[in-house]
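To keep things clear, I will list the structure first and then write my remarks on it.
The values are calculated or read from the model by the stated rules, or taken from the named source; none is laboratory data. All figures in this text were calculated on a predicted structure; none of them were measured in a lab. All Cβ positions, even for glycine, are placed from backbone atoms using ideal geometry, and neighbour counts span all protein chains on display.
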Amino acid sequence: MAGTTGRLRLDFFRQVEGSSGKGLEVVLEKGKIVEATEWAKPSPEGQLEERLKWKKDGITPTVFLASFAPLTFTTLLTGKHSFEELNYAYGECAARDEPTRLLLNALFPKVDHDFDILHW
């Protein structure tokens, strides 16, 4: 996944207090994260308008799409669970295709760590 250029769109199904979107869009250019913004999945009409705008501008960005059950993304972000574990445990956690799954595994690998809340 080195050198990947595209948009990773993460759909969290619902708006969380304190954010204006229902998800997150991460823009990658040549393997580097250049932008991360709140994002909400557009309506079918909005998706069509977006595609027509891209066509008019002469661009065809790669869009990686994944969805997460409420409050599960943080366990992927911190490395507590792998995407495969979340997909197995929660039916709502899904990736659109294999390249999206590979990108999620590269960006958010599972790590062995233990948080000790009693240790100061």
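Identify all residues within region 40-60 that are of a type outside the set (D, E, K, R) and surrounded by 11 or more Cβ atoms within 10 Å (Cβ to Cβ); write none if there are none. Steps first, answer last, please.
Residues of region 40-60 that are of a type outside the set (D, E, K, R), as a first pass: 40, 42-44, 46-48, 52, 54, 58-60.
Correct list: A40, P42, G46, Q47, L48, W54.
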Q: Look through region 61-77, keep the residues that are more than 15 Å from P99 (Cβ to Cβ) and either touching a residue at least 12 places away in the same chain (Cβ under 8 Å) or touching a Ser or Thr at 6+ places or on another chain (Cβ under 9 Å) (or both), and return whichever of them is surrounded by the fewest Cβ atoms within 10 Å (Cβ to Cβ).
A: P70
Q: Quick one: in region 70-120, of everything that is hydrophobic (A, V, I, L, M, F, W, C), more than 14 Å from the chain's Cα centre (by Cα) and more than 21 Å from I33 (Cβ to Cβ), which residue is modelled with the highest pLDDT?
A: A89
Q: Name, by its number, the condition in (1) closer than 21 Å to L28 by Cβ; (2) touching a Gly at 6+ places or on another chain (Cβ under 8 Å) that does not hold for H113.
A: (1)
